[in-house]
Amino acid sequence: MGDSPPTSDSMDCDVVVIGAGGAGASAAITAHDAGASTLIVEKMPHPGGNTRISNCSWFCPPAGTEEQAVEHIDALCLGRTDRSVIEAYVTAASKTKEWIEGIGGQTRITHFLNIRYPQVTHPSWPAFPGSAAMVNHTVGAEGDTNPSGERLWNLLSGNLDKRGIKIITSAPARELCSNDKGEVTGVVVECGGKRVMVRARRAVVLTCGGFEYNEKMKEQFLPLMPFHAVGNPGNTGDGITMAGAVGAQLWHMGVVVGGVGVRVKEYAAPFAISYAAPGFIYVNQGGKRFTNECGWESHFLWQSFYAFNPKRPGYPTIPMFGICDQETLRKGALHVGGAGLNLAYKWSADNAAEVAKGWIVEGGSPRELARRIAVDQAVLEKTIEKYNSHCAAGTDPDFHRARETLKALGTPPFYAVELWPRMVNTMGGPRRDASARVIGENGRPVPRLYSAGELGSLWGHLYCGGGNVGEALAVGRIAGVSAAGEQPLY
Ligand SMILES: Cc1cc2nc3c(=O)[nH]c(=O)nc-3n(C[C@H](O)[C@H](O)[C@H](O)COP(=O)(O)OP(=O)(O)OC[C@H]3O[C@@H](n4cnc5c(N)ncnc54)[C@H](O)[C@@H]3O)c2cc1C
């Protein structure tokens with residue numbers, strides 16, 4: 001979907017939405033239904049953003065559990081998010097199922113629980129208070145095996161079409177315009193080689209995603225580098241720059257979710273890697289274990305890379321290596337497919353094709369494997385021996401891996417994959433309040449400017465799976481209603 005570019009140098013509507021993902025579509029549908037003429041501008045030739053390629057699991061607490069959900073999210077945010085913002089999110093999220101069904105979608109509860117290693121579980125933080133309220137849904141009928149963002153996007157874009165809400169594609173917003181009262185009055189959009197002024201009689205809503213593809217911002221704000229993204233390449237932090245230029249306060253700039261991935265020259269984005277059985281370890285460039293491989297929440301597995309050696313500069317674990325034996329490799333594909341940019345590639349069930357391509361390195365013995373990945377041979381051999389002795393003893397005094405995950409690496413050949421930090425999405429951006437108003441450095445709302453979605457997400461420290469699409473859909477609707485409720489400027 002995408003509409004023809006504007007023919008004049010200026011356009012008018014009540015509400016201009018910047019970015020056509022889940023938050024933008026939800027905001028636009030809601031603003032339209034509240035009586036505002038609405039237009040979306042989208043930077044990429046194809047709309048949908050991260051939402052379209054996500055796993056489409058969204059948070060919607062069951063009726064009566066809202067207080068628990070607030071308590072849970074508050075605990076995850078470690079006091080970095082105003083409680084009123086969390087409360088508004090939860091209240092709106094509790095109605096998302098009803099809203100999705102109201103616009104013609106089918107919904108069902110979805111669970112992440114699986115038996116892969118490291119494990120992906122839901123709720124992400126079961127030991128935190130209120131976790132029972134963190135229930136996720138997806139779009140689609142029972143029996144749909146692949147809960148996909150495409151289904152959600154089709155539903156949203158069908159609803160935009162039905163309402164006649166235009167998305168102007170290949171039209172990056174470049175700068176916000178303000179009047180002498182500091183009110184945001186529109187946005188300059190680059191379109192068809194021209195700069196087009198899009199005036200907003202009521203408000204502008206920023207829903208242009210995170211900074212997954214802005215290397216400078218990643219270098220400045222994220223705790224490690226390189227951090228390779230797997231989502232929509234249009235998410236380059238433009239909303240952060242534009243909001244900053246009109247005085248917005250930023251928050252949560254260092255919060256990011258992601259795991260580990262294999263980079264190959266044939267594909268731009270890394271492939272997410274997890275093992276079908278627990279017989280694997282991670283080693284650093286020195287050939288040593290450095291973490292409890294099975295002890296991380298899946299969205300924060302990237303933190304395992306954040307281990308430094310006080311005696312040596314640089315990142316000793318970027319890249320690191322995942323090491324397993326033949327028995328584990330044969331248990332199932334290291335990459336189980338799913339969302340992201342590499343959907344087209346079908347990873348082989350026994351990993352044989354990827355061994356043949358050299359994406360997975362084989363060695364007849366620990367020493368041969370070490371030689372092939374340029375790691376000290378004696379050290380890797382000793383690391384595997386030591387790990388195997390922990391497995392025999394049923395305890396891991398080094399990193400306290402759970403007994404049931406202590407499976408020895410015994411059957412040659414041995415295999416290594418080079419692993420890099422793999423980013424799902426960032427959370428940082430302009431701070432917002434419970435009505436989705438962007439807050440300025442002076443602590444007051446920037447007049448007529450709203451935001452929703454992962455741009456300035458409320459997740460202030462930890463994150464619960466389903467919370468981002470959940471936020472896009474819920475806070476998108478809050479922003480749409482608030483923006484439509486502004487008095488027209490003319
Ligand atoms: C592989 C993957 C799987 C995921 N799975 C889940 C999941 O199951 N559950 C969950 O909760 N979260 C998940 N997430 C995260 C979630 O998808 C996103 O955080 C959420 O969809 C963001 O929605 P959004 O509308 O804020 O941004 P997006 O959907 O990314 O939309 C932003 C849009 O703005 C556009 N844009 C950027 N700059 C400009 C500009 N200057 N002018 C105009 N347009 C611009 C972008 O091109 C993009 O289309 C996943 C993410 C990925 C990458």
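For the range 260-346, GluC sites (Glu not before Pro) are listed when DSSP marks them as loop and at most 10 other Cβ atoms sit within 10 Å of their Cβ; the list is Glu266. Projecting the Cα atoms of Ala248, Asn154, Leu334 onto the dipole axis of the chain, where Lys and Arg carry +1 and Asp and Glu carry -1 at the beta carbon, places Leu334 farthest toward the positive end.
The DSSP beta bridges internal to the chain are antiparallel in roughly 70% of cases. Specify the angular offset, from 0 to 90 degrees and rounded to the nearest 10, of the alpha carbon long axis of helix 377-393 from the longest principal axis of the alpha carbons in the chain. So the helix axis and the longest Cα principal axis differ by about 90 degrees.
Give the angle, between 0 and 90 degrees and rounded to the nearest 10, that separates the Cα long axis of helix 149-163 from the longest principal axis of the Cα atoms of the chain. With both axes taken from Cα atoms, the answer is about 10 degrees.
Computed from Cα positions, the angle between helix 467-484 and the longest principal axis of the chain comes to roughly 10 degrees. When we measure straight from the Cα of Lys162, which aspartates and glutamates land under 13 angstrom away, once same-chain ones fewer than 8 places off are left out? Output for Lys162: Asp33. When you filter the GluC sites (Glu not before Pro) in the range 398-478 for DSSP loop state and at most 16 other Cβ atoms inside 10 Å of their Cβ, you are left with Glu441. Magnitude of the charge dipole for the chain, about its Cα centre and with charges confined to Cβ atoms of Lys, Arg (+1) and Asp, Glu (-1), is about 660 debye. Note on Glu98 and Glu368: the extension gain reaches 91.4 nm, defined as 0.36 nm multiplied by sequence separation minus the Cα-Cα distance. In straight-distance terms, cross-link reach from Lys407 covers every one of the aspartates and glutamates whose alpha-carbon lies under 17 Å from its own, apart from those fewer than eight places away in the same chain; here that gives Glu293, Asp325, Glu327, Glu381, Glu385, Asp396, Asp398.
Of the residues Pro447, Pro118, Gly470, the one whose Cα sits farthest towards the positive end of the charge dipole of the chain is Pro118 (charges of +1 on Lys and Arg Cβ, -1 on Asp and Glu Cβ, taken about the Cα centre).
In the range 321-355, what trypsin sites (Lys or Arg not before Pro) fall in a loop by DSSP, with at most 13 other Cβ atoms inside 10 Å? Could the numbers behind the result be given before it?
Details: sites: Arg330, Lys331, Lys346; in loops: Lys331, Lys346.
Passing both the DSSP loop test and the Cβ count: Lys346.
Look at the dipole of the chain built from charges on Cβ: of Thr317, Ser435, Gly259, the Cα furthest out on the positive end belongs to Thr317.
Here, each number is a calculation from the coordinates, and none is a lab measurement. The model shown is predicted, which means the values in this text are computed figures rather than measured ones. Here the Cβ is made from the backbone with ideal geometry for all residues, glycine too, and neighbour counts use every protein chain on show.
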